[in-house]
Amino acid sequence: MTGARPVDVAVLVSAAAGRGRARALGDTVLRELRAASLTPRVLAATTGAEAEAQARGAVAAGAAAVVAVGGDGTAHAALQAVAGTGTPLGLVAAGTGNDLALALGVPADPAAAVRALAADLRAGETRSLDAGRVGDRWWATVLCCGFDSAVTDRANRLRWPRGRRRYDLAVLVELARLRPYEITLGLHGEVRTVPATMIAVGNTAWYGGGLPVCPGADPADGLFDVTVVGPLTRRGLIRARPKLADGSHVDSPSVSVFRAARVELACPGVTTWADGEPVAPLPVVAECVPGALTVIGARRADGAPRA
């Protein structure tokens, strides 16, 4: 790339992602971008709100791309700025959950990921993918409500223990309180109330750090895959969790899968989460917006696992 004209790229680095791994990789990312004759502009945000505001500012200022260094939360913040604009998003997976990077086939090695997105940017090669939208909030992976969102709600309220054990404790507490939710579900203009342990609306297949809850989801077909898990006992839910690891849960008679471009959800006291971030309390309308997300450095977007 010797002699190539420098191209400005906004780099959003999460200080907290991957327990500090993203911050530690910052120098590697910047070095690889400069080696590709790109000019990185680091967005020094310390909160999600700051990250979104700074990413929007970078897009408005004409950045050629936004590169998110972190996990799904960092990608989610960048998505709020780039969705619908045509400005491409590049990912460097450095979080505890990297579900969007997994779905898009982003190289796991950070240096390789930067080289891939830089090569695409220089060649003008991008991919257009769908994105989910609830109100003015965009999301890219899976929107969920029910048991899993209740666990995440509780884990975020707990102050002890720290790390993964806090989530494990939240699972135990919610298991003790397990009951089916009466969720109003609207698909294709038909509205019905279904008893459900949880509902997952998938733009891509994975959530929760590599669990294929919507294994057939394709982020380039203009439709969501909607996985409805019916009422389960505590023992039934515990037995179902291993099947979630390989996607075979969708073969269970207690699970139904639908496809739709617009999904209505309503249930008192339930919150939706997507990309590992809170989106909105129910009721919500989730819309699949075709081509809303432009990406670089992505080698597949077909819902299939990487080889």
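The values are calculated or read from the model by the stated rules, or taken from the named source; none is laboratory data. Not measured: the values here are computed from a predicted model. Virtual Cβ from ideal backbone geometry, glycine too; neighbours counted across all protein chains shown.
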Verdict on A155 being surrounded by fewer than 19 Cβ atoms within 10 Å (Cβ to Cβ), over 14 Å from T227 (Cα atoms) and of a type outside the set (D, E, K, R) | yes
Say whether the condition of being of a type in the set (K, R), loosely packed, with under 15 Cβ neighbours inside 10 Å and not in a loop (DSSP other than H, G, I, E, B) is met by at least one residue in segment 242-259.
-> yes
Name, by its number, the condition in (1) more than 30 Å from P195 (Cβ to Cβ); (2) without any contact (Cβ under 8 Å) to a residue 24 or more places away in the chain that does not hold for R179.
-> (1)
Regarding L129, is this residue at pLDDT below 95 and not in a helix (DSSP H, G or I)?
-> no
Would you mind stating whether T271 is polar (S, T, N, Q), in contact (Cβ under 8 Å) with a residue 24 or more places away in the chain and more than 14 Å from A140 (Cα to Cα)?
-> yes
Is at least one residue of segment 86-104 within 16 Å of the chain's Cα centre (by Cα) and among the acidic types (D, E)?
-> yes
